[in-house]
Amino acid sequence: MADLSQRVVDFLSAGTRTAMLGYVAADGRPLVAPVWFVVDMEQDGGHLVFTTGRDTSKGRALKRDPRVVICVDDPHPPYSFVQVQGVAAWSEDPDEVLEFATRTGARYMGADRAEEFGRRNAVPGELVVRVRPIKVNAGFDIAN
């Protein structure tokens, strides 16, 4: 397992950058989907956490094959990126889904809408997904 360095955590947590989640379709095709996420440093060197529906393409794929990659970039000069290769674990625990849907809501929608977003997304059939990093690749200030 790879721990998330403080520099990586700071980059991943800055602003409202959207992650690109790479996963494998049932027929073996690679797929990529945008996800809103938060970094959770409470366990084992850190995880990237997002929510998704159990019956979405992402939800079904993660149950079949938990190997994923997440890439987050800063598209502005001097350009930076972090790629996290990892293994996803999911839970349908309502309290955990609510916690992370609310944290994600705060990040992307603002603190004043966090609870609204959390309750809207913490419904039956929603999963909280934790990505445990196996390998982390990063490039910071690439154009310098």
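Springs between Cα atoms under 10 Å define the GNM used for the chain, and in it the highest mean-square fluctuation of Val35, Val69, Val97 occurs at Val35. Phi angles across the range 26-39 convert, under the Karplus curve 6.51 cos²θ - 1.76 cosθ + 1.60 with θ = phi - 60°, into 3J(HN,Hα) values of 4, 8, x, 5, x, 10, 9, 9, x, 9, 7, 8, 10, 9 Hz, Gly and Pro given as x. The modelled label-to-label distance between Phe140 and Arg113, using points 7 Å beyond Cα along the C-beta direction, is 3.1 nm. Here the range 26-86 is assigned +1 on the Cβ of each Lys and Arg and -1 on the Cβ of each Asp and Glu. Its dipole about the Cα centre then comes out at about 400 debye. Within the listed set Arg54, Arg29, Arg103, the Gaussian network model of the chain (springs between alpha-carbon atoms below 10 Å) gives the highest mean-square fluctuation for Arg29.
Rounded to two decimals, the Cα radius of gyration of the chain over 2.2 N^0.38 Å is 1.02. Take each peptide in 77-86, 115-124, count the other Cβ atoms within 10 Å of every residue, and average; sorted highest first, the result is 77-86, 115-124.
A crude spin-label estimate for the pair Val32 and Gln6, with each label 7 Å from Cα along the Cβ direction, gives 3.2 nm. Only DSSP H runs of four or more residues enter the estimate; each adds -39500 (n - 2.57), and after division by the residues of the chain the mean residue ellipticity at 222 nm equals -8000 deg cm²/dmol.
Throughout, read-outs are computed from the coordinates displayed, never taken from laboratory work. The model shown is predicted, which means the values in this text are computed figures rather than measured ones. A quick note on method: Cβ atoms are made from the backbone with ideal geometry, for glycine too, and the neighbour counts reach across all protein chains shown.
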